[in-house]
Amino acid sequence: MLKIALVSNTDFSLYYFRLGLIRALLARGYEVHIICPDGKYIKEFAKEGVQHHALHMDRKGTNPINEIKTLWQLYRVFRKERFDIAHNFTIKLNIYGNVATKFARVPIVINSVTGLGYVFTEGDGKKKLLRTLVVNLYRFAFIFSKRVIFLNKDDFELFRNYKIVSSSKGMVLNSEGVDTTKFSPTNVILDKLQKLRRELDMVEGRREIIVTLISRLIWDKGIREFVEAARTLKAIYPDTLFLLVGPIDTGNPAAVSQQFIQQAEKERLIKYLGERRDIPEIMYISDIVTLPSYYREGIPIVLLEAMAMEKPIVTTNSVGCRDVVEEGKTGFLVPVKNPSALATAIEKLINDEELRIKMGKYGREKVLGEFDEKIIIDQTMQLYKELIETT
């Protein structure tokens, strides 16, 4: 039985983005382990038959002693378990995980760069210095990789230009895949849908337009731009409901403040629903889904989920976001950090129900043909098979 470790900085990301892959591995006879900090999804993994190794780490920490402790923990787990494959995710664990696997002699190490994130967004001298450090650490750590997976060509090209990874070692997958059965307008859970409608005081027979942003609450995801677009549009279309959904990412230096959210709610610009598990139902009641991000995205899964739910999308002409949009067919692209352009694009869809329906239908067809989870899982499993046979 082949043993594989999936290594990430949160149990949330493994559960929401890689549960399908984990189930496919288990079905094919792999012994699956996850290495990540404790969290509320660990019990769910135990039900699936996945073994968990708790990792103590600070996502934003820079204390050398604590960072060495994290590296040592990884090494001890890798040395004890003797995995056949280690698949690492996120910046710190792509770096630390590779170093630990080298000394623990794990034969196959794969890295997924699922977006470049905070460090690679524009910023001041301090961020540039941090970026230089990360580039050098990546360059060293990826020496030990068998393969580095990217979700878009821009990120792959950037890493080649920085001489972090070679053309032969890197590869691009279209996304992390969408469960098109779960995210389908015909498969929503009626009890959850009714509960959501009651929560939002949705009156029978009355149908206001709902515009939704689902994301971790960090500024780079365009939270401020969404609120400002809502301010503009609420003055014209007062019955339009702007939903903001997602956790405040306190572990990120760019985290949105609780005060900002409270003030936007106080002004009745948005309704904040927090972190949720009824995402398909939220998308089902939405008319438009937006993500005005200028974060260095890989491929934003939320946009693919919205398309799978037959919703038109409005997002930015930025790395990762533009990769899923066919302008005028699945949605609209707008410039980054431009709430006026965002409001204009949303307004087009508010006023054109036929276009919303047409875009939604085309979007689901696109997801089924290019981004279905089954396609991505098959490609990932084929990669594992090739590396096992050639190592």
A careful count of residues in segment 101-155 that are in contact with a Phe, Trp or Tyr (Cβ under 8 Å, 6 or more places away or on another chain), part of a loop (DSSP other than H, G, I, E, B) and closer than 23 Å to ARG79 by Cβ gives 1
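Determine whether ILE223 is more than 24 Å from PRO335 (Cβ to Cβ) and surrounded by 13 or more Cβ atoms within 10 Å (Cβ to Cβ). Don't jump to the end; show me each part of the working.
On the way: more than 24 Å from PRO335 (Cβ to Cβ): no; surrounded by 13 or more Cβ atoms within 10 Å (Cβ to Cβ): yes.
No: the conditions fail for ILE223.
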Log entry, pairs with first residue in segment 73-85 being without any contact (Cβ under 8 Å) to a residue 24 or more places away in the chain, second being surrounded by fewer than 18 Cβ atoms within 10 Å (Cβ to Cβ), beta carbons closer than 7 Å, six or more apart or on different chains, reads GLN73/HIS56
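List the helices (runs of 4 or more DSSP H) inside segment 285-391, counting only whole elements, that have at least 3 residues being basic (Lys, Arg). Don't jump to the end; show me each part of the working.
Working: elements: 301-308, 339-350, 353-370, 373-390.
Of the helices (runs of 4 or more DSSP H) lying wholly inside segment 285-391, those with at least 3 residues that are basic (Lys, Arg) span 353-370.
Has segment 166-185 got at least one residue that is of a type in the set (Asp, Glu) and under 25 Å from ASP378 (Cβ atoms)?
Keep residues of segment 166-185 that are of a type in the set (Asp, Glu), which gives 176, 179.
The next check asks that each one be under 25 Å from ASP378 (Cβ atoms); those that pass are 176, 179.
Checked against the condition, which is being of a type in the set (Asp, Glu) and under 25 Å from ASP378 (Cβ atoms), segment 166-185 yields at least one hit.
From GLU204, GLU208, grab the single residue that is at pLDDT below 95 and in contact with a Ser or Thr (Cβ under 8 Å, 6 or more places away or on another chain).
On the way: GLU204 fails: in contact with a Ser or Thr (Cβ under 8 Å, 6 or more places away or on another chain).
Only one candidate qualifies: GLU208.
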Practice problem: Look at THR232 and say whether it is among the hydroxyl-bearing types (Ser, Thr, Tyr), outside any helix (DSSP H, G or I) and not assigned by TED's automatic domain parsing to the domain that holds SER13. | Solution: no
Filtering segment 162-188 down to residues that are within 17 Å of ARG277 (Cβ to Cβ) and not in a loop (DSSP other than H, G, I, E, B) yields VAL178
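Among the residues of segment 349-391, which ones are among the charged types (D, E, K, R) and over 30 Å from LYS3 (Cα atoms)? I'd like the intermediate steps shown before the answer.
Taking segment 349-391 first, the residues among the charged types (D, E, K, R) are 352-354, 356, 358, 361, 364-366, 370, 372-374, 378, 385-386, 389.
Hits for segment 349-391 are ASP352, GLU353, GLU354, ARG356, LYS358, LYS361, ARG364, GLU365, LYS366.
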Among residues of segment 1-58 being hydroxyl-bearing (Ser, Thr, Tyr) and outside any loop (DSSP other than H, G, I, E, B), the residue farthest from ARG216 (Cα to Cα) is TYR15
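The values are calculated or read from the model by the stated rules, or taken from the named source; none is laboratory data. Note that the structure is predicted; figures quoted are calculated from it, not measured. We place every Cβ from the backbone using ideal geometry, glycine too, and count neighbours over all the protein chains shown.
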